[in-house]
Amino acid sequence: MNARFRLISLLVVASVLLAACAPAAQPAPAKAPVAAATVAPAKQEPATQAKDWPLSRGKKICHVINVGDPYSTAKVNLGAKEASLFGLQYDVYDMQADIPTEIRKIEECIAKKYDVIILVAYDPLALNAAIRKAKEAGIPVIAEGGFPEGDGAKDVASLIGSDGVFEGKAAGDLICKTLKPGDGWVMLEGGTGHPLVPMRGGEAVKWNKENCPGVTFLAGETGKWNREYSRTVMENYITTYKDKVKLVYCHNDDMCMGAAKAVEEAGLKGKIKVLGVDGGNKEVYDAIRSGLFFGTILNDCSFIATTMIHAARDLMESRPILSQYISPSTQITKDNVDKFNAWW
């Protein structure tokens, strides 16, 4: 065996020995399992975002009311502005000072599927069947200004307005404070049948009898909520009672504006005091400042207008509301008139 062969043999043997002594080859580590994809839960948004507020946006309010007098006109104008802030549809149906027409308008609003009906119960009992029909159709009813009685009072969702009893007492209090024994006063009443009439009138007369019996209530007659008609009635009072009349009390300010005109034309401004109910009117507040009016009892149309819209919205959004919202019967005279806003 030559030297070259021996060298090759030795190298082969060495390779075998090295391979035998080397540690066994380790398998390549397996790759870590790939985790299943995790889907993040959807972000929980509030039930109502600011852009969606209010929930009732676009829903419809039907308001059945007589719009022939300044107070009611101011109320619906304020109501329309308030409704627009919440994106509500606010439709006014004029009942034209007629109860059968008012009933037809309510039924029309039921047929058109309004979400809420607001009405003035100019007759405390005549609208009860229509109110029940609305309730059975699932349409809540809000009574504002004039309230129903009996079943109608139970079927409405809320009563919003003033309290005729407190208004009558507030008027009676001013009558007693400003007149002296031997003086007489007359009254211009609202429309016959309106539920506020016996309260605003009866309570004033009762207060007079109990607190200043020496002051005489001379007469009461309807002024039909109308300025010109009341002017004629006041002219008749002046002719009939002459200097016995020291004050005229009216169930709303618009009638008192007519009465004040008759007093002024008779040359009796300041000698016959003029006392109304409603307030909120620049014309009336200026008349108080000038002495043409003695004063008024606040029946705040801005309170009623905003509250009826808020209550309607709450009903449409399934929130609870109060059964009554009553405006304070505040006495306004020359001493405090500058503290009150004129709304029209």
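Observations on the model:
- Using the average count of surrounding beta-carbon atoms within 10 Å as a protection proxy, the listed peptides 147-154, 264-271 rank, highest first, as 147-154, 264-271.
- Computed packing ranks the peptides 213-219, 135-141 as 135-141, 213-219, most packed first, by mean other Cβ atoms within 10 Å.
- Normalising by residue count, the range 224-344 has a Cα convex hull of 118 Å³ per residue.
- Cross-link table LYS246/LYS282; LYS242/LYS269; LYS169/LYS282, entries beyond 20 Å C-alpha to C-alpha: LYS246/LYS282; LYS169/LYS282
- The amide H of GLY146, built 1.01 Å from its N in the peptide plane, has ALA121 as neighbours under 5 Å, considering only residues 5 or more places off or on other chains.
- Value of Rg to Rh for the range 293-344 (Rh from inverse mean 1/r over Cα pairs, i.e. Kirkwood): 1.12
- Computed over the alpha-carbon pairs of the range 87-141, the distance histogram in 5 Å steps reads 4, 20, 34, 26, 13, 3, 1 percent, short to long.
- Panel values: the range 149-190, Kirkwood radius from alpha carbon pairs, Stokes-Einstein at 10 °C and 1.306 mPa s, translational diffusion coefficient 120 µm²/s.
- Computed packing ranks the peptides 312-322, 165-175 as 165-175, 312-322, most packed first, by mean other Cβ atoms within 10 Å.
Since every read-out is calculated from the coordinates, none of them should be taken as a lab result. Fair warning: this is a prediction, and the values are worked out from it, not measured in the lab. A quick note on method: Cβ atoms are made from the backbone with ideal geometry, for glycine too, and the neighbour counts reach across all protein chains shown.
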